[in-house]
Every structure is written in structure tokens, then in C-alpha cells.
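Novice: Dropping the structure in here first, questions after.
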Amino acid sequence: MATERIAVTRPAIDAVLVRRMVDSQFPQWAGLPLALLDPAGSDHVIYRLGEELSVRLPRHSGAIGQARKESEWLPRLAPHLPLAVPVPAGLGEPDFGYPWPWAVSRWLDGEVATVEALADSSEAAVELAGFLEALQRFEPEGIPARGAREDLTVRPLVARDRATRAAIAEVDGVFDGAAMTELWDAAISTPGWDGPPVWFHGDFHTGNLLTVDGRLSAVIDFGGLGIGDPACDLMIAFTLMSAGSRAAFRTALGVDDATWTRGRGWALATALNAYTHYAAVNPRVAAQTTRQITEALIG
């Protein structure tokens, strides 16, 4: 049964399928060469299409809303943001046995940001704070009211309580279980966001930042885009930054103590989730999430 469930929730995706769907639904791009981007992440299979496009197909049902969300909101967000974001070029429909919407976007040049290059850069930290400020200020005409748009509503941090405590118990001994529990208790008991709902990226970590010539150039992967408490975006302070640049980031963004504590909680919970699922089979994820947990505990 487990094998059958995986087959249903993770459809087979290969170049033959992608070629057929592109040529059928977007004949203007028929024949452009396809090249698999590897590694592409846990949520999508990504192919470069020619020199100027990319094709992104959800790997699992948890990522199926991203194509439509990005198609609707990124063109409206882009003019207000200081870093480049993906430009949707086409929204594909289920076809040839592939069950979900998929996306074609303009290719963004750049390398994935690294801790080695940017951890100690207060300039990069302040630039990221400016990006989040601009995102939070975005007020399009007809902004959805709180809870009015299901695809923009994210469960609160406390909804992760059971899974996070289970993960803490699982990795106790690898990391300091008492310290993680203390941080988690503080994060879910601290006062919640009492300002107006603001926009957040929702998955604001190192792997979703691009650089060109060592400088930040773009933010990608807006599948977690939503409206509410911006604390989740503070995870970037613990995935990318060192203590000094983190302090510059917090000052530039003007984060209060309660929001900072919730941000540390988001960093801890998301890192534990990834660590317990992928660290044993993916050394890169193991290293990244170990750093994230360690930095979240430092604060």
C-alpha cells in the first residue's frame, strides 16, 4: 500500500513527458531544448527550456497550488520589490497522465546563495531586510481579507506543536533536547502578531535566494506566499546569517522581541522537519538543517 500511495502522490516525471506537454500546450516553444536541473529541490522537478525559460512541475500534492498562485501574484508583486522574482510565462494544465497544473517561467540567471559567501555580510542582511519590508508594504487593490483566500492562509506556528515535539524527542542527543524544548515553548506561548496582516514569502531560506557575482539578485519559489504574521520569514536569519549580520538584519527590519521569538520557532520547526525526513539520505540537507537548528538556539 505504501508503494501505491507514493505512486499516486509522486507521479513519474521525465523529459519525454515534459516535452510532450510543452509541445502540446505551448507550441511556440516546441523544439526548444530541455535540460534537467539537478538538484531541483524536494517540491518540484525543474527543466530549463531553451536559454530563457524554465519548466516547473510539482513532485507531490503539497506543491500543486504554487503554479496558479505565482501566476496570479508575482506579476503584481514584482514592480514593488528590490530583487528580481520569477516572471510567469505560461500556466500548464494536467495532461498525458500528469495530474496537476505546472508552470513555465522566465529563466533567472544566478547561483544559489551560500553561507560561505554571505553569512558575515551585513550588507546582504540589510538588503534582505529591505526586501521583506517592501513585500510587507505591498497593498494591491482588493487585497484579500484575513482568511478570505485559502491559498494565502498558512496555519499558525502552534499547529506544528505535535510534530515539532515529536521531532525534538527523535533528535535529542544529536541536538540539545532541553534547549530546543525551551525555545519551542517560548515561541508558541509568546504574544502573536497584533499588527495588520502583511505579506510574507513563506519559505525564505538560503536555497531560495540567487546571487550574481556574489551579490543578491533574486528571490524564487513563492509557493508559501501568504498574508498574516511575517515571523515565518525570519528563518533566513538562521539559515544564512551569522550573529553579526543577523543583528544588522533585525535592526534594519525593526523586529520586536515577540516576533523574533516566533521567528526562531519557525526556524527550529522547519529545520527539524527537514532534518528528520531527509538528513539520513542527503548530506547537504543534514548540514543545512544542523546549522539552522544551531543558529536558532543561539538566537
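Novice: State all residues of segment 225-234 that are within 15 Å of Thr206 (Cα to Cα) and touching a residue at least 60 places away in the same chain (Cβ under 8 Å); if no residue qualifies, say none. Working first, answer last.
Specialist: Residues of segment 225-234 that are within 15 Å of Thr206 (Cα to Cα), as a first pass: 232-234.
Residues satisfying the conditions are Cys232, Asp233.
Novice: Further, regarding this structure: Of everything in segment 253-273, what is closer than 16 Å to Asp43 by Cα and either among the aromatic types (Phe, Trp, Tyr) or surrounded by fewer than 20 Cβ atoms within 10 Å (Cβ to Cβ) (or both)? Give them in sequence order.
Specialist: Within segment 253-273, Asn273 is the sole residue that qualifies.
Novice: Do we find a residue being farther than 15 Å from Phe222 by Cα, hydroxyl-bearing (Ser, Thr, Tyr) and modelled with pLDDT under 95 anywhere in segment 51-61?
Specialist: Within segment 51-61, one or more residues are farther than 15 Å from Phe222 by Cα, hydroxyl-bearing (Ser, Thr, Tyr) and modelled with pLDDT under 95.
Novice: Additional query: Only residues that are under 16 Å from Arg76 (Cα atoms) and either at pLDDT 80 or above or not in a loop (DSSP other than H, G, I, E, B) (or both): list them for segment 140-164, please. Outline the logic, then answer.
Specialist: The initial filter retains those residues of segment 140-164 that are under 16 Å from Arg76 (Cα atoms), namely 140-144, 152.
Result: Leu152, single match.
Novice: Somewhere in segment 187-194, is a residue surrounded by fewer than 21 Cβ atoms within 10 Å (Cβ to Cβ) and closer than 18 Å to Phe249 by Cβ? Working first, answer last.
Specialist: Just the residues of segment 187-194 that are surrounded by fewer than 21 Cβ atoms within 10 Å (Cβ to Cβ), to begin with: 188-194.
Going one step further and asking which of them are closer than 18 Å to Phe249 by Cβ, we end up with none.
No, there is no match, as no residue in segment 187-194 is surrounded by fewer than 21 Cβ atoms within 10 Å (Cβ to Cβ) and closer than 18 Å to Phe249 by Cβ.
Novice: Show the residue pairs that are 6+ apart or on different chains and have beta-carbon atoms under 6 Å apart, the first residue being within segment 241-255 and among the hydroxyl-bearing types (Ser, Thr, Tyr) and at pLDDT 95 or above, the second being surrounded by 14 or more Cβ atoms within 10 Å (Cβ to Cβ) and not in a helix (DSSP H, G or I).
Specialist: As it stands, the answer is Ser242/Ala119; Ser242/Asp120; Ser245/Asp120; Ser245/Ser121, since those pairs meet every condition given.
Novice: If the Cβ limit is 6 Å and pairs must be 6+ apart or interchain, which residue in segment 157-180 that is in contact (Cβ under 8 Å) with a residue 40 or more places away in the chain pairs with which residue that is aromatic (Phe, Trp, Tyr) and part of a helix (DSSP H, G or I)?
Specialist: Thr164/Trp184
Novice: Name the residues in segment 38-50 that are exposed (fewer than 15 other Cβ atoms within 10 Å of the Cβ) and modelled with pLDDT of 85 or more, would you?
Specialist: Result: Gly50, single match.
The values are calculated or read from the model by the stated rules, or taken from the named source; none is laboratory data. No experiment lies behind these values; they were computed from the predicted model shown. Because the Cβ atoms are built from the backbone with ideal geometry, glycine has one as well, and the counts that use them run over all protein chains shown.
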